[in-house]
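Novice: Please find one structure pasted underneath; my questions will follow.
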Amino acid sequence: MAVRGRAVDLAGLEAFVMQRLREDGGFAATPLLGLSLRLQWRSTGADDGIDYEERWYQAVLTGENPAADGGFTPPRWTVKQLYHYLRLQRLAQPGHAPSETEKMVRWLRRCQAPDGGFGFFPHTTSYIENCHWALAALALLDSRPGRPESAAAFILACQTTSGGFSRNSRAAPFLDSSRHAVQGLRHLAYWSGSP
C-alpha cells in the first residue's frame, strides 16, 4: 500500500524480522548477538474487571462458547478491549451484529487522532497497536475509519530505517509493532481494494 508516494519497505521489513530468527525457529525481541534468551511468564495478579482478550484466547483454546456479557461502556474500554469483545460476540452469537454497533463505530472513529493514528480511547496519543485493534474492530463492525488515508500515513511513518515498525514515529522498532503495522495496513488495503 502506498500513500502520498510512500510505501512499505518490504525488503527492509523482511531483513528486520530475519535478524531476530533464532536457531530453534522462534524469534527474539531483538537481533541475536550470541546471548542466551529465556522466556519467563509472570502473572500480574490484577483483577480489574473482565479481560476480553483473555476470554477470547481461552475460548479458542478450549473450544468453549463464552458469554460475552457486559454492555458497551466506552469510558472503561480501550480499542483493544473492544476488538476482543467483538471477537467474543462473534463466537457467542455468530451472524448477529451487536445491538450497539453504531455507537461503537462512532466511538472508534473518535479514537482516530489528528495525526491519523488511533489512541487507546478518544483524545489519547496514537500508537501503532491501537491502529491495528481499531481497524480490526471497525472491520468486525462492517465499517471503516473516518480518515483511512491518514491512518495509512501514520502507519507508514512508523517504519524505521532498520525496516521494522515502531509504536509511533519517535520510538524504536519491534517485532510486535511490525506485526501490528502489517495487520493495520491489510485492513486498509482491503477497504481501498488494493491487494
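Novice: Test of the criteria: in region 84-180, which trypsin sites (Lys or Arg not before Pro) are in a DSSP loop and have at most 15 other Cβ atoms within 10 angstrom of their Cβ?
Specialist: Passing both the DSSP loop test and the Cβ count: Arg170.
Novice: Once the Cβ-Cβ distance between Phe27 and Thr101 is put in as r, and R0 is 35 Å, what FRET efficiency do you end up with, to the nearest 0.05?
Specialist: About 0.45, to the nearest 0.05.
Novice: Please rank Val182, Val8, Val79, fewest neighbouring Cβ atoms within 10 Å first, as an exposure proxy.
Specialist: Val182, Val8, Val79
Novice: Calculate one ³J(HN,Hα) per residue across region 103-110 by plugging θ = phi - 60° into the Karplus curve 6.51 cos²θ - 1.76 cosθ + 1.60, and present them in order as whole Hz with x for glycine and proline.
Specialist: Each residue of region 103-110 in turn: 5, 5, 4, 4, 5, 4, 5, 6 Hz.
Laboratory data are not the source of any read-out in this text; all were calculated from the coordinates shown. Since the model is a prediction, treat every value here as computed from it, not as a measurement. Please note: Cβ atoms are built from the backbone with ideal geometry, for glycine as well, and neighbour counts cover all protein chains shown.
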